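This report refers to the structure that appears directly beneath it.
Since every read-out is calculated from the coordinates, none of them should be taken as a lab result. Model, not experiment: these values are computed from the prediction. Methodologically, a virtual Cβ is constructed for each residue, glycine included, from the backbone with ideal geometry; neighbour enumeration extends over all protein chains shown.
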Amino acid sequence: MLTEKAVRAAASKGKAYKLAGSRGLRLHVSPSGHKSWRYKYRFEKKERLLTFGACP
């Protein structure tokens, strides 16, 4: 489970990376420092990715 402190502390690196939350919810951090919430799920045997938006 991600805490607010961990989300705020996530800094950009050379490559994009993800911080795992729970049940498929992840925080995606791009090399430029942009943070967005993404949800990975399966529908009709296909993997899908839904982006909710920027993290303040």
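Assorted remarks:
- Computed from phi, the 3J(HN,Hα) profile of the stretch 21-33 under the Karplus parametrisation 6.51, -1.76, 1.60 (θ = phi - 60°) reads x, 9, 6, x, 7, 9, 9, 9, 10, 8, x, 7, x Hz, with x in place of Gly and Pro.
- Integer Hz, Karplus 6.51/-1.76/1.60 couplings in order for the stretch 44-56, x for Gly and Pro: 6, 6, 10, 7, 10, 9, 10, 9, 7, x, 6, 9, x
- Among Gly24, Gly14, Gly33, residue whose mean-square fluctuation peaks in a GNM of the chain (springs only between Cα atoms under 10 Å): Gly14
- Extents of the chain, taken as max minus min of Cα coordinates on every principal axis and listed largest first, are 36, 22, 16 Å.
- Computed [θ] at 222 nm, helices only, for the chain once each DSSP H run of length n ≥ 4 contributes -39500 (n - 2.57): -2500 deg cm²/dmol
- The trypsin sites (Lys or Arg not before Pro) of the chain that DSSP puts in a loop, and whose beta carbon has at most 14 other beta carbons within 10 Å, are Lys13, Lys15, Arg23, Lys45.
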